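The values are calculated or read from the model by the stated rules, or taken from the named source; none is laboratory data. If you're wondering where the values come from, they're calculated on a predicted model, not measured in any experiment. Cβ sites come from the backbone with ideal geometry, for glycine too, and all protein chains shown count toward neighbours. Just so you know, the surface numbers come from the protein's heavy atoms only, side chains and all, with ligands and any DNA or RNA stripped out. Shrake-Rupley method; radii C 1.70, N 1.55, O 1.52, S 1.80 Å.
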Amino acid sequence: MALPTAQPAEVLRAWQKDDLYEKKLAASLAKLISSQHASKAIPISFVLYKSFTTLRELQTLGEEYSGIVQVDDSYHKLPTFCNRLISILLSAFGENITQRLLRSVEKQIEINSTLRPAAQNLFLVTFKALGNILPQIESIHRALSYINGGPLEIGKSLTRINYVHVRPAAAAYYAHLRLLGIVTLLHAVISCGQNLYQAKKHLEQMADFPNEVDNSRSCVACLDEIVQPCVLQCGHFFCMQCCYGALESCALCRTPFSKNSVVPLMNYCPSVN
């Protein structure tokens with residue numbers, strides 16, 4: 001007989017407990033490495049924690065606390081080692097890898113001379129919007145887990161890992177958790193809508209003025225309000241962070257530029273069209 005599926009509150013409680021231990025491990029690890037690599041302490045501590053528990057077919061401290069166990073989609077067996085490993089790697093590095101892939105594709109589009117400017121603009125704005133809504137996708141998945149149950153990590157859902165109870169759970173209604181899920185879902189959907197609307201707005205601006213100086217308050221490269229404006233040799237305005245960051249050619253006219261040719265504009269704010 002199959003064990004009962006874990007309730008959303010028990011899964012959340014286990015995740016919170018594990019997150020607490022992982023943060024403590026990350027804080028200790030950060031003291032042992034140089035400050036420039038301190039940001040890597042969190043994913044490394046996550047992988048270490050899961051390597052000594054999940055990969056060895058053991059419950060995590062949070063799962064033991066909540067009385068739940070990971071199972072495969074049959075609900076009768078433990079997940080395979082391959083599935084457990086993939087879920088850990090996706091949870092630790094999935095968003096970062098996806099962002100890097102999107103930026104790599106953007107660079108390839110920027111240097112692709114066979115695409116028309118309108119097509120380049122469409123692809124660049126689309127991939128930029130996808131990068132902006134990645135955190136909201138994770139929030140939507142978590143909200144659905146609050147409402148319908150299942151793992152909170154996208155990596156576990158992609159590898160079809162779920163949870164069952166190994167000891168009786170307290171009989172209770174978790175209406176407040178479902179309400180939290182609905183509120184989280186609405187917030188994430190609205191944020192996605194705002195990002196897509198901004199992308200559509202900037203695409204229209206780029207289509208209307210493909211070769212004119214951009215005099216709006218928004219940076220076409222990052223789709224945010226221009227902060228510390230800079231002007232390129234082609235005459236287009238962007239944020240200083242974009243000019244001295246990954247941007248290698250003008251996002252409007254595709255003119256390549258070098259970092260030493262960027263001109264910062266002190267005490268200047270582009271006017272509104």
Kindly check whether there is at least one residue in segment 97-104 that is assigned to a helix (DSSP H, G or I), among the aliphatic types (A, V, I, L, M) and in contact with a helix residue (DSSP H, G or I) (Cβ under 8 Å, 6 or more places away or on another chain). yes
Residue in segment 121-144 that is modelled with pLDDT under 95, open to solvent by 50 Å² or more (accessible area, probe 1.4 Å), within 20 Å of Ser66 (Cβ to Cβ) and polar (S, T, N, Q) present: no
State which residue pairs qualify: first residue under 13 Å from Glu248 (Cβ atoms) and inside segment 103-129, second residue of a type in the set (D, E, K, R) and open to solvent by 60 Å² or more (accessible area, probe 1.4 Å) in any location, beta carbons under 6 Å apart, and separation of 6 or more residues or different chains. none
Subset tally (residues that are closer than 22 Å to Asn162 by Cβ, open to solvent by 70 Å² or more (accessible area, probe 1.4 Å) and not in a helix (DSSP H, G or I)) for segment 1-42: 4
In the list Ser45, Ser87, Ser91, which residue meets the criterion of being under 17 Å from Asn162 (Cβ atoms), of a type outside the set (A, V, I, L, M, F, W, C), open to solvent by less than 30 Å² (accessible area, probe 1.4 Å) and assigned by the TED database to the domain that holds Asn162? Ser87
Kindly indicate whether any position in segment 66-82 is surrounded by fewer than 13 Cβ atoms within 10 Å (Cβ to Cβ), within 18 Å of Gly149 (Cα to Cα), assigned by the TED database to the domain that holds Leu144 and without any contact (Cβ under 8 Å) to a residue 60 or more places away in the chain. yes
Only residues that are surrounded by 12 or more Cβ atoms within 10 Å (Cβ to Cβ), in a helix (DSSP H, G or I) and not small (Gly, Ala, Ser): list them for segment 48-65, please. Leu48, Tyr49, Lys50, Thr54, Leu55, Leu61, Glu63, Glu64, Tyr65
Out of the residues in segment 154-168 that are open to solvent by 30 Å² or more (accessible area, probe 1.4 Å) and within 20 Å of the chain's Cα centre (by Cα), state the one that is nearest to Ser91 (Cα to Cα). Ile154
Listed residues Leu89, Leu55, Leu78; which is within 21 Å of the chain's Cα centre (by Cα) and at pLDDT 90 or above? Leu89
